[in-house]
Each structure stands twice: as C-alpha cells, then as structure tokens.
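Here is the structure we will look at.
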Amino acid sequence: MSKFRFVACAFFVAGIMACSDTLVVQDPNDPDRDRALGRPADVEAFISNTYAQIQNATLGGSNDDLQTQMQVMGMENTSALANFAMGPRGAIPRTPIENTRNSTGDVGNFGDFTVLHRAARMATIGIAAMNKLGTLGSPAADARARSFARFVQGVAYGNLAMAYDSASLMSENDDPQAIQPLSDHLAVMDAAYVMLDSAIEIARANPGSFPLPNTWINGIALDTTGFFRLIHSYKARFRAGVARSPAERDAADWTAIIADANAGITADFNIAMNPTAGWDVIWPVQAYATGPANWHQMSQFYMGMADKSGGYDAWLATTPANRAPFLVVSDDKRFPQGATRAAQNADTLRPNYRTFTGFPYVRNRQAGEDQPGQPLQISMYDFYRSRKFFTDSRISNYPIMTRAEIRLLAAEGYLRTGNVAAATVRIDSSRVTNGGLPKVDGVLTDTIAPVPGASACVPRVPDAAAATPYRASKCGNLWDALKWEYRMETAYTGYGMWYFAGRGWGDLPEGTALYWPVPYQEMDTRRQAFYPAGGVGGTGAAPHGNYGLFAGGVY
C-alpha cells in the first residue's frame, strides 16, 4: 500500500490555519498482494496459472536454461557453438560448472532455479490466500484449486531436487517476503512427494471438483483418473531421476516406482503449445538452423549403436581425433532406411513423417548441411520428430512426458527386482512396435545374454573385453536394450531425459557435473559463499562413465 500524505487545511475567519491528521490514500497502480488476491475469482485465476510456470521453467521460456545444457551433457544433443553454454558443457573432457559471476551458463543456471521456485511460491501464496478468504465460492472450487496448487508445488520441488543440490521450501504459514533456508535435494524431494500425495488425497475426497478447466494445463480437461495418472507418472520419474550415482539409483524404492509407473499415463502426455498464450517448447526455435548457426546434431556415439554395417566398429577403432561421421545402416525403423546417404535422404515419405506419431525419428541431413564439432559426437543425423511443430510456429501438441518413459521405468524396476518377464514385455512395447526389432520377451531370461539379431543386433555397445578395450563393439544385453529404448523414445521430449537417466546409470562421461550448485546470484543474496560442481576429479563430478566414456576409453 502506498501512503500519500496530504495536509488538509481550513481557513478560519480569524485567518488562523488549522490542519487535519495524515490521510492515507490507496494507489491503485502500486502492486499489493492482499488486494490482488482479495477476491475468490482472482485467487482461482492465480492458482490456475501456476503449472504454466513449470513449463516455462523446464521446456519453455528460454533456451538459456538447464534443458539446453542437460541435452549436451547427457549426449542427447551435440553442438560446438558457445550459445547457451552448449559447446562448453558438451566438451569432453568435461569442465566444471564454475558458478562464478559472469561465468559460462550463469543465466541458464539461475533461470530454472528462479522460475521453479516462483511456481512453488505462487502455488503456496494461492493456498494462503484461500485460507484467508475461507472459500472460493463452493467446496468443489476449493478442492480443485487446493489440489492443483499442491500438485504444482510437488512438480516444482521435484524438478528442483533433481537438478540442484539444494533449494528453498516454503509453506503457506511462512512470510513470502522472508528468505527461507536452503534444504538439501533429498529433503526437497521428500517435500515433493508429500505435496503430490496431498494433491491426490484432496481430489479423491472431492471427485465432483473435476475435471480441471482445460486452460489450467493448456488444452487438457483432466478428470480425476487422468490427474492421478499424471501425478503417479511424475512420482515415478522423480523417484528414479533424483539418483546421482548407480548406487543411489539401485537403492531407489523400485517397488514404489513400479506401482507409480503402472498407475501412470497410458498415452503420451501432450500439451497444446501456443507461445502467444504462454505455453511453449522453446528448443526447436533454433534446432533446424543450418550453416554456421547449426546447433543440433545427434551424437554419433549413440546413433552408431544401431549400425549393422560394421561402421561403428571402424569408427570406434579410429584414433579419436580422426573420427568422422559415418552412415548408420540399421534395421531399427526409427532410423532412415537405406545403404547409402542418398537413399536415407529420400526416406521421407512414411506416414506422419516429421511428427511424434510418424517415422523415422531421425533424418540423415543433406551433405551440404554437415557441420564440424567434436569428433566423438558429430554425425549425419538430426532429430526430426519436432520438425512439423517448428514449421507450425510451435502451435500444436507436444509430448512433455511419453508413455514409453513411464513403461520403461517400470521395466527397469522389474529388472532390478528380478522379474525379467515383466520387464521384457514393456521393453518390447516400443522395441518391436516402433523399432521393428526382434522381440526380447520369451527370448532373454537374464540380463547377461546378448539381444537377438546377430550381426544386425540393436543396440551394439563398445566392448570392454575387446583386444583394445572399447575399440570394437558387441551386441548389448537386456540392460542395454532398455537404455536404448529409453533414449530413442524420450529424446527431446521431457526435462533432462538423457541426463538424469544417464546420471543414475553411470553413463555420463567422466567429470560431468552431477547437479547444479545453488546459483551464485542466490548465494550472493543470502550472503553465503558460492561454489562449483563437476570437472574431472572435482566435487559433484561423474566418475568413469560406462561404455568407455573416460580418458583412455573411447575419447
């Protein structure tokens, strides 16, 4: 509230001036939280906009963010450009996240931290306003808004816990203008689970409060069944993704992950994106730029695992600095088919090509569009499922979470708990249906035997037992098949898909930062010392990566 002080005077006949007390006047142009959230309709509208903040923090908003960094750190993407820290974060050997003033990636490091906290605090302030008002007008409206706010709190805290080593928690009883203490990532994740469970409990007790208005998650009027499936899917993602080492991922509560995944989404979760309405996936803005602006190629190291021509072995055996992109000839239908580059260039006529429901998933670009970069990763291949989304000005559906991701989390849980048969059924759901590859269900009964396909097997992986370790390949096992499906089916969809999974599997290159430190801007505000993470031999850095991703391995 702004206070303007006026002197109100009266002139008496005697000529003596008398003045009144100070008069307080409301300034309608000065933001005031209590006034802005003083009506039920305002509070409901405020809460309804909170999930859009999650989208802006993770996949929309800006390419100067963690998503762009995580894509190169997880080898989901490669680019030599310095834009948005892609070149520095993707370089091998890895360098640390310095987290000093004006350091590489500092804007992106701070951006996700800020907007995810904003989403959680908006939801919390919304609940506090509801408590003050008493009701939004009906029990149904109250339950719907309160459940949705708890859901947003849970998703915001879950993403913060996966990405950063610490974050700040706030309840509706706290002063929103006070600086809350930092909590470590595991405590933040525990809070996320509590909020997500609360969202379910509130909605389950008030089923008449649903469906959600289709503007709250743009284009989706979720009923309680759909809402619960989405929440369980987030819980499965968070329970697995919070792990920062193979030991932590192995120790995760896989029984709970299986239960959440089996109760999760049964189709890709698509949001109707429209940048002008505040819903966006920003990455494709520059993904299809060519020439010197090229900032996207798919990693040859991983794309080569689909090859049956012998090219992958020859590439692995080549001196690292002299490696060059090669043609991947594969039986995997998600790849362009053909034994020549011209044939693969021409494989563009399959139904729904360039969409998330079509094939192939990747294209072999025209030779003139190739760009230099790190020999370990540059390839002939681009991700192409989002091409139509790009040409439609990003006004169409986009999957921020795939059915395959959630089914494969269940599959991983079944492998870890010894139920191979249940795992193979779920792996084949995409391996056979989408990839057209030989089934593993009923064929593999353990995690040691190679996948079927002989010389055409998919995936092939660098062989540690080769005469020169990791300089030749072999058919992968069931674990490798699971990882292959996860990578193919989640590429360029949700938040940090390859990075978070690779972190828990031990597949990140040695020295990759395992988390982001609390950004220096936040630590400055708190008058606390800031600190780095990652770099070979540094604190919070990945040890030797699987598949030879360490000095003396394949790079």
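Just to be sure I understand the rule: take each whole DSSP H helix in the chain, project its Cα atoms onto its long axis, keep it if the span is 24 Å or more and its mean Kyte-Doolittle hydropathy is at least 0.5. Which ones pass? Could the numbers behind the result be given before it?
On the way: long enough: 106-133 (40 Å, 0.38); 139-163 (36 Å, 0.22); 185-205 (30 Å, 0.92); 224-241 (25 Å, -0.26).
Span-like helices here: 185-205.
Can you tell me the FRET efficiency between ASP190 and ALA247 if r is taken as the Cβ-Cβ distance and R0 is 22 Å, rounded to the nearest 0.05?
Values: r = 19 Å, r/R0 = 0.87.
That pair, ASP190 with ALA247, gives E of 0.70.
For ASN419, project a label point 7 Å along Cα to C-beta. Then give me every residue of the range 448-467 with its amide nitrogen under 18 Å of that point.
none
Would you mind telling me the share, in percent, of accessible area of the range 276-333 contributed by carbon and sulfur at probe 1.4 angstrom? Before the final figure, lay out the partial values.
Details: 1080 of 1890 Å².
Within the range 276-333, the accessible surface is 57 percent carbon and sulfur.
For LYS333, list the aspartates and glutamates whose Cα falls under 17 Å from its own Cα; do not include residues on the same chain fewer than 8 positions away.
Of all the aspartates and glutamates, those that pass the test against LYS333 - Cα under 17 Å, at least 8 places apart if same chain - are ASP307, ASP347, ASP382, ASP428, GLU485, GLU489.
How much length is gained if the chain between GLN366 and THR445 is pulled fully straight, taking 0.36 nm per residue apart and subtracting their Cα-Cα distance, in nm to one decimal? Could the numbers behind the result be given before it?
On the way: separation 79, 0.36 × 79 = 28.44 nm, distance 4.21 nm.
Result: 24.2 nm gained on full extension.
Given the DSSP H assignment, sum -39500 (n - 2.57) over each helix run of at least 4 residues in the chain and divide by its residue total; what's the result at 222 nm in deg cm²/dmol, nearest 500?
Details: 21 runs with 222 residues, N = 555.
Dividing the helical sum by the residues of the chain leaves -12000 deg cm²/dmol.
With a 1.4 Å probe and all protein chains left in place, how much accessible area per residue does the chain have, in Å²?
Details: 21200 Å² over 555 residues.
Ligands and nucleic acids excluded, the figure is 38 Å² per residue.
What lysines could a cross-link reach from LYS132, if we take a straight Cα to Cα line under 30 Å and drop same-chain neighbours fewer than 8 places away?
Candidates past the 8-residue exclusion: LYS3.
Could you tell me which label, among [x] 1.05; [y] 1.09; [z] 0.95, carries the value of Rg/Rh (Cα atoms, Kirkwood Rh) calculated for this structure?
[x]
Could you tell me what percent of the accessible area of the range 352-400 is made up of carbon and sulfur, with a 1.4 Å probe and every protein chain present? It would help to have the intermediate numbers written out before the result.
Numbers: 910 of 1890 Å².
The value for the range 352-400 is 48 percent carbon and sulfur by accessible area.
Over what distance in Å are the Cα centres of the range 339-416 and the range 270-329 separated?
Each part reduced to its Cα centre gives a spacing of 8 Å.
How many angstrom lie between the Cα centre of the range 209-251 and the Cα centre of the range 477-555?
When both Cα centres are located, 22 Å separates them.
Within the range 487-555, which trypsin sites (Lys or Arg not before Pro) sit in a loop by DSSP and count at most 15 neighbouring Cβ atoms inside 10 Å? Could you put the intermediate results ahead of the total?
On the way: sites: ARG487, ARG503, ARG526, ARG527; in loops: ARG527.
Loop-located and lightly packed - ARG527.
How many angstrom lie between the C-alpha centres of the range 434-448 and the range 130-193?
What the calculation gives is 42 Å, centre to centre.
State which entries of LYS235/LYS388; LYS439/LYS474; LYS235/LYS439 exceed 20 angstrom in Cα-Cα distance in the structure shown. Walk me through the intermediate numbers first.
Values: LYS235/LYS388 31 Å; LYS439/LYS474 18 Å; LYS235/LYS439 29 Å.
From the list (LYS235/LYS388; LYS439/LYS474; LYS235/LYS439), the Cα-Cα distance tops 20 Å for LYS235/LYS388; LYS235/LYS439.
At 7 Å along Cα-to-Cβ for each site, give me the label-to-label distance between ARG526 and ALA551 in nm.
Placing both labels 7 Å beyond Cα along the Cβ direction yields 3.3 nm.
Calculated FRET efficiency, ASP347 and ALA221, Cβ-Cβ r, R0 56 Å, to nearest 0.05?
Numbers: r = 38 Å, r/R0 = 0.68.
Approximately 0.90, to the nearest 0.05.
Order of 104-111, 529-536 by packing, highest average Cβ count within 10 Å first? Working shown, then result.
Values: 104-111: 21.1, 529-536: 18.1.
Packing proxy ranking, top to bottom: 104-111, 529-536.
The values are calculated or read from the model by the stated rules, or taken from the named source; none is laboratory data. Just so you know, these numbers come straight off a predicted model, no measurement behind them. Neighbour counts are summed over all protein chains in view; Cβ atoms, including those assigned to glycine, are modelled from backbone coordinates with ideal geometry. The accessibility values were calculated without ligands, DNA or RNA, using every heavy atom of the protein model including side chains. Shrake-Rupley method; radii C 1.70, N 1.55, O 1.52, S 1.80 Å.
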